[in-house]
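Take a look at the structure below.
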Amino acid sequence: MPILDCRGLTRAWGALRAVDDVDLAVEAGETCAVIGPNGAGKSTLFAMIAGNLKKTAGRVLLDGEDVSALPAHRIAARGVARTFQITAVFPGLPAVENVRLGLQAHDPLRRRPIGGGAALARGAEEALHWLRRVGLADRAATPAGELAHGDQRLLEVAMALAQRPRLLMLDEPTQGMSVEETRRTVDLLGRLIAEEGVTVLLVEHDMEVVFALAPRVVVLHRGRKIADGPAAEVRADAGVQAAYLGGLD
């Protein structure tokens, strides 16, 4: 049974179908990238899966459970963590507190009237662990808003991974990075994905990033799925190359 199983996902605004009858299944431990030209429906698809956007039609199943009607916070509680195309951190809080907030949200101890303080102590230690994993331990006390753009993107990854998700959704994790920042981030993400064994659904415009991280690629064009398969096969597909106005190379 796939961890994520999307069936007939559709989002329409009047006559415009931003996502049109898309099926997508992701197996445990798989890294799958969703690509497509601007306006293809990638971000809309992501938002529907995560519960941030209401579906016009279709279903989303997590480990066989239908979560189609659940709001984003309840889907997150079932093991889905995501990053955003526009970095979403708490700029006034230190980096370590950003990570700890995510940890506390998923810690059952926080609801106990007595002994809930244990969640705070445990959260601080684990938050530092995840900052070390993304190379930001030395900036734990730095307000998130003062971090460089690339470091803010990595902080968001740490916040997501700290939730120990069954499904990690990365929405353009290298957006706005320099060539060198992108290279380092791809290397880091590749190691983290392999070492943590997390299932990943990735949206990314940079094709070199996609083919470095994702063995499987799904292509959207004008809201519809036009290709789905091993990255090398998708890259060579004539229909995919036409959608990208001349190719991916």
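Only the coordinates and a few stated rules stand behind these numbers; no lab work does. Treat the numbers as computed from the prediction; the structure is a model and nothing was measured. All Cβ positions, glycine included, derive from the backbone under ideal geometry; neighbour counts span all protein chains shown.
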**Request:** Please list 174-186, 65-77 highest first by mean number of surrounding beta-carbon atoms within 10 Å per residue.
**Result:** 174-186, 65-77
**Message:** Going by Cα centres, the stretch 27-72 and the stretch 165-181 are how many Å apart?
**Reply:** 17
**Message:** Give me the extension gain from residue 236 to residue 93: residue separation times 0.36 nm, minus the current Cα-Cα distance, reported in nm with one decimal.
**Reply:** 46.9 nm
**Request:** For the chain, set up a Gaussian network in which alpha carbons nearer than 10 Å are linked by springs, and say which option among 48, 207, 159 fluctuates the most.
**Result:** 207
**Prompt:** Based on DSSP, what percent of beta bridges with both residues in the chain are antiparallel, to the nearest 5?
**Reply:** 55
**Message:** Given the DSSP H assignment, sum -39500 (n - 2.57) over each helix run of at least 4 residues in the chain and divide by its residue total; what's the result at 222 nm in deg cm²/dmol, nearest 500?
**Reply:** -11000 deg cm²/dmol
**Fill in**
Scalar couplings 3J(HN,Hα) for the stretch 144-155 by Karplus 6.51 cos²θ - 1.76 cosθ + 1.60 (θ = phi - 60°), nearest whole Hz, x for Gly and Pro, are 4, x, 9, 6, 4, 4, x, 6, 5, 5, 5, 4
**Item:** Least to most buried among 27, 172, 97 (fewest other Cβ within 10 Å first)
**Value:** 27, 97, 172
**Complete:** So, with points 7 Å from each Cα along the Cβ direction, the residue 195-residue 101 label distance in nm works out to 2.6
**Fill in**
Computed from the beta carbon distance with a Förster radius of 30 Å, FRET efficiency for residue 138 and residue 86 to the nearest 0.05 stands at 0.70
**Prompt:** Which angle from 0 to 90°, rounded to the nearest 10, does the C-alpha axis of helix 95-105 make with the longest principal axis of the chain?
**Reply:** 80
**Prompt:** What order do you get for 42, 225 when you list them from fewest to most C-beta neighbours inside 10 Å?
**Reply:** 225, 42
